[in-house]
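The values are calculated or read from the model by the stated rules, or taken from the named source; none is laboratory data. It should be emphasised that the depicted structure is a prediction, and the values quoted were computed from it without experimental measurement. We place every Cβ from the backbone using ideal geometry, glycine too, and count neighbours over all the protein chains shown.
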Amino acid sequence: MKENNTKIVERLEKQLRTKSRELLQLNTEEETLHYLVESFKETINCEFVGIILKSNQHYEPRIWGGGYEEIIHSFPLRMEQCSKYLMKTSMYKNEYESAKTCALHATMERANMNTWFTVPLVHQDKKYGFCLIGYEQKLELLPMEHIFNEFGKDVAIAITLIRAKKKEIGFAHGLTWMANQLSPENSMSTMVSDLTAQAANVTQSDFAAIYLYHEETQTYDLHPSMYGDIQIATSVHKDELVHKQKPFQMVVPIQVNQQTLGILLLDRSNRKLPYAEEEHRLTYLLGNYFAMLIQHAFYVRQEREQKERLKKILYYQQKLVKETIANDDFESITQMVFDIYRRPVLVFDRFFRILSSHGLEEEEELHRIIEQLKTTPMARNVFQVHLKGGQIFSIWPIHGVRDLLGYLAIGVNEQLFDEFDLVTVEIATNISSIQFIKKKLAFDTNEQMKDTFLAKLFTNPLEEKEHLIQYASLFQWDIFSTHRVVDVAITLSTETHSDLRTVQAEKIYIWEQLNTELSRYYPNMLMSAYNDQYLFIIPTEYEEHSSFWEILHKRCMKIVENLKKDIIIHFGIGKVVQDISEYMLSYHQATEALNVLMTRFVTKPYIFFEKLGSYTVLHHLDQRMSEMFVNEQLRNVFEPQDEKTNELWKTLKAFLMNNGNVKGTAEQLYIHRSTIIYRLNKIEELLDKDLNDADVRFDLMMAIKLLEMCGEEWHRK
C-alpha cells in the first residue's frame, strides 16, 4: 500500500511539473489561472478548485470551478481574520482544526466541505494568494505538501512573469501612444480626452480625469473631458486634495519645471485593486509628457496670439498714421484705443483741457476726472487717478522733443498691462505727439505767414501792395473792403502767480480756441497773433447789426468760460479802414485804445478809438503830475465825500458837461434853476474860481477826465 502511494505521489509530481512548464508558455494571467484550475481538476480529480488572490488586505476569489457558490459568496475575507500560514505553506483541513477563528475554515465548514487543503501562490516576496482545493467526501490525503508548495511557487513565478510582461507591453504601448497620438497641435479637450482614455486603459482603471490648477483661486478644477463616469468633486482646493483621495485611487501630479499644472486622477474602486509601482511609474511618465505638451501648446498658442496681436498693433499703427495725415484731430486715436480695450479713453492738452474722448458714459464723469487730475501730483512717467466710485484711470504723458504736450488717459489699471499693451499705448502716445507737433507746425506756419502779411500791411502798405494782394488772396480775404483793426487782450487771473512760459502757453491755447470757434460765426474775419498781440481784422459789414460788438464779446467770453472761468477778454477797436494805406493807422489806434482801456477803463469790455477823445492824450501824461493837477483843481469839492459835497460834485460835473449852461444843468439833474445857482455859488466859494471863465471850466473838465481815467479810488488814496 505504501509502495502504491509512493508511485501515486511520483506520478502526481511528474504531472504537476509538466503543468508548471506549460504555465510558462501562457501569455495572460487569466489563461494561467484557468489552466491552473483545470490542471488541479484533471490531476487530482477534486470537486472544487478556487484561485483566491490577495487584494488590499482582503482575499477575493478570481477564478473557480466545481460550483459551490456558497463558498464564493462568502468572500471577500479579511486577511487578519484568516490563518497567517495561508500564504506560507500548503495546509490541510485538519491543520485548521486548532484555528477555530479562521474565517476560511468557518466558510468551508458551512459549505460541508469534508476534505480540503490550500496551496500558497508565493515566490520570494511576491505573495499573490492561494489555491483552494476541496472534496465533498471525507478522504485521506497523501503527504504532498512539499510538492504542492513547489507547484505553487511555479505558478507564482508564472504570474510574476506574465504581469511583468503585461506591464512592459503596457509601458511600451503607452510610449508608442504618446509618440503617435498626443500632439500639441490638438486642442486641450482632445489631449485631455486621449490622455485619460490611455491612462485608464494602461492601468485597467474604471475612471480617469484631469484637474487643471488655477493659481488665482488655488483650486484644481475638473476638465469636462474624462474617461468613465463616477461622482467626483468638480473643484478641489489645493489644501484639501490629500483628504479628498479615496482608496483604490491614484493621484499623479502634472508638473513642468516645478510648476504644477494639474493632476491626473485614476480610480478602480469597482475592482478594489490597488495600483502597483509600475503603474505609478507609467502614469507619472504620462503626466510629465502631458505637462510638456501643455507647456508646448501654451507656447505655440502664446506665439500665435502674440503674432496676431503684433499684426493688429501694426494694423492700428498704419491706420493711425493714415488718419494723422488726413485729419488734424485726436478722434481716431481715442477711437482706436477704445476699440482695443473697451475702456474710456481721453486725450488732454498739457493744461488738462479735453481734446478728444471716447467711452465716457456721462459728461459728469469727465468733470470728475479733470477735477481729480488738478489735485494729483504730476509725473513725467505714467501715473494713476483714483475716482470716488473706484474707477482707476492710468495717465500717460505725451512728450515732444523736449516739451510735455499733453496726456493720454485710459480707464484701466496700467499694472494689468502686458508688454504688448504697453507697446500699443506707446504707439498711441507717439502718434498723439506727432499730431500735437503737426497741429503746432500748421498753426505756426499759418501764423508766420499772417505775421509776414501783417508786418507788410502795418508798415509799408503802399510799397508792398502787390505782395499784400497775393497774401490776401492766399487767406481768401478781401483786402479792399472796409475793415476795423481790433487789438485783443487776454487776461488770466493767475498771470501774477505763474511763470511767463506757462502763461504764454495758456494764452496761445485760448487764442487757438477763439480762432477755431469764431471762424464758424465770422468766416470773413482775419485773426492773427502779431508782435505778441492778438488781432482781429473785422469787415465793417458785420457792424450792420447794432449789437455786433456786444455779441462778439459775449461769444468770446463764452468760449473762454468753457476753458477756464477766470479769463477776461478786452477789445481795443481802431477806426474804419477805407484804403490799404490806412491799416497801419487803424492798427496803432486799436493798440492805443486797448492801452487806455486796460489802464483807465478796465471794467469796460471794449472801446472805440474815435470815442476816446482827449483820453488818447491824457493817457500819456505823467501820473504824479496828473495827481497834483487833480488835487489842485478838485480837492475841496471831491473831498470829503459826505452827502453835501457829493451833491456839489454831481452839480459841477453836470454844469461842465453842459458847457456852462445853467438851464441844461437843471434839466439834467431835475433840480430847480435857483438850486443850481446856489450850488454853483457854493462851488465857486470852495474852489475860489470863477465858473463863468472858459479857461477855468476847461481846467476843471480836464481834471475830471483825469480822475475818471485813474479812478476815484486813486484820487482818494
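Figures for the structure shown
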{"item": "Subset tally (residues that are on the phi > 0 side of the Ramachandran plot, surrounded by 16 or more Cβ atoms within 10 Å (Cβ to Cβ) and of a type in the set (Gly, Ala, Ser)) for the range 54-73", "result": "1"}
{"item": "Residue that is outside the structural domain of Tyr211 (by TED's automatic domain parsing) and either in contact (Cβ under 8 Å) with a residue 12 or more places away in the chain or within 30 Å of Gln57 (Cα to Cα) (or both), where the choices are Val251, Val256, Val321", "result": "Val321"}
{"item": "Thr502 vs. criteria assigned to a helix (DSSP H, G or I) and at pLDDT below 80", "result": "yes"}
{"item": "Criterion violated by Gln81 - all others in (1) more than 21 Å from Tyr135 (Cα to Cα); (2) touching a helix residue (DSSP H, G or I) at 6+ places or on another chain (Cβ under 7 Å); (3) crowded, with 17+ Cβ neighbours inside 10 Å satisfied", "result": "(3)"}
{"item": "Any pair with Cβ under 8 angstrom, 6 or more apart, that starts in the range 541-552 at a residue that is farther than 21 Å from Ile479 by Cα and in the same structural domain as Asn524 (by TED's automatic domain parsing) and ends at one that is of a type in the set (Asp, Glu) and not in a helix (DSSP H, G or I)", "result": "none"}
{"item": "Long-range neighbours under 9 Å by Cβ, at least six apart or interchain, first residue closer than 30 Å to His367 by Cα and in contact (Cβ under 8 Å) with a residue 40 or more places away in the chain within the range 564-585, second hydroxyl-bearing (Ser, Thr, Tyr) and surrounded by 18 or more Cβ atoms within 10 Å (Cβ to Cβ)", "result": "Ile569/Tyr606; His570/Tyr606"}
{"item": "Condition met for Thr118 (closer than 26 Å to Lys84 by Cβ, at pLDDT 80 or above and in contact with a helix residue (DSSP H, G or I) (Cβ under 7 Å, 6 or more places away or on another chain))", "result": "no"}
{"item": "Count - residues of the range 246-259 that are surrounded by 14 or more Cβ atoms within 10 Å (Cβ to Cβ), at pLDDT below 80 and assigned to a strand (DSSP E or B)", "result": "1"}
{"item": "Qualifying residue in the range 645-661 (condition: at pLDDT below 70 and assigned to a helix (DSSP H, G or I))", "result": "yes"}
{"item": "Failed condition for Lys575, given (1) farther than 29 Å from His467 by Cα; (2) modelled with pLDDT of 80 or more; (3) of a type in the set (D, E, K, R)", "result": "(1)"}
{"item": "Residues satisfying the stated conditions in the range 356-372, i.e. acidic (Asp, Glu) and assigned to a helix (DSSP H, G or I)", "result": "Glu363, Glu364, Glu365, Glu371"}
{"item": "Checklist (1) in contact with a His (Cβ under 9 Å, 6 or more places away or on another chain); (2) among the charged types (D, E, K, R); (3) outside the structural domain of Gln198 (by TED's automatic domain parsing) applied to Lys272, failing item", "result": "(3)"}
{"item": "Given (1) touching a strand residue (DSSP E or B) at 6+ places or on another chain (Cβ under 9 Å); (2) surrounded by fewer than 21 Cβ atoms within 10 Å (Cβ to Cβ), index of the condition Leu264 fails", "result": "(2)"}
{"item": "Out of Leu241, Leu212, Leu286, sole residue that is touching a strand residue (DSSP E or B) at 6+ places or on another chain (Cβ under 9 Å) and within 30 Å of Ile340 (Cβ to Cβ)", "result": "Leu212"}
{"item": "Subset of the range 317-355 (residues that are buried (at least 18 other Cβ atoms within 10 Å of the Cβ) and assigned to a strand (DSSP E or B))", "result": "Val345, Leu346, Val347, Phe348, Asp349, Leu355"}
{"item": "Test: Ala703 is at pLDDT 80 or above, part of a helix (DSSP H, G or I) and not assigned by TED's automatic domain parsing to the domain that holds Val596", "result": "no"}
{"item": "Selected residue (criterion: nearest to the chain's Cα centre (by Cα)) from residues of the range 543-556 that are modelled with pLDDT under 90, within 14 Å of Tyr521 (Cβ to Cβ) and exposed (fewer than 14 other Cβ atoms within 10 Å of the Cβ)", "result": "Ser547"}
{"item": "Residue in the range 608-617 that is under 15 Å from Met701 (Cα atoms), in the same structural domain as Asp487 (by TED's automatic domain parsing) and modelled with pLDDT of 70 or more present", "result": "yes"}
{"item": "So Ile671, is it assigned by TED's automatic domain parsing to the domain that holds Thr651, at pLDDT 80 or above and part of a loop (DSSP other than H, G, I, E, B)", "result": "yes"}
{"item": "Residue within the range 204-219 that is modelled with pLDDT under 85, surrounded by 14 or more Cβ atoms within 10 Å (Cβ to Cβ) and either β-branched (Val, Ile, Thr) or on the phi < 0 side of the Ramachandran plot (or both) present", "result": "no"}
{"item": "Qualifying residue in the range 461-470 (condition: in a helix (DSSP H, G or I), modelled with pLDDT under 80 and surrounded by 19 or more Cβ atoms within 10 Å (Cβ to Cβ))", "result": "yes"}
{"item": "Check on Val560, assigned by TED's automatic domain parsing to the domain that holds Thr599, at pLDDT 80 or above and under 21 Å from Thr459 (Cβ atoms)", "result": "no"}
{"item": "Among residues of the range 282-311, those that are out of contact with any helix residue (DSSP H, G or I) (no Cβ under 8 Å at 6 or more places or on another chain) and farther than 30 Å from Ala199 by Cβ, counted", "result": "3"}
{"item": "Residue identified as farther than 20 Å from Ser55 by Cβ and part of a strand (DSSP E or B) among Leu285, Leu266, Leu212, Leu293", "result": "Leu212"}
{"item": "Residue within the range 386-401 that is in a loop (DSSP other than H, G, I, E, B), of a type outside the set (Val, Ile, Thr) and closer than 28 Å to Glu308 by Cβ present", "result": "no"}
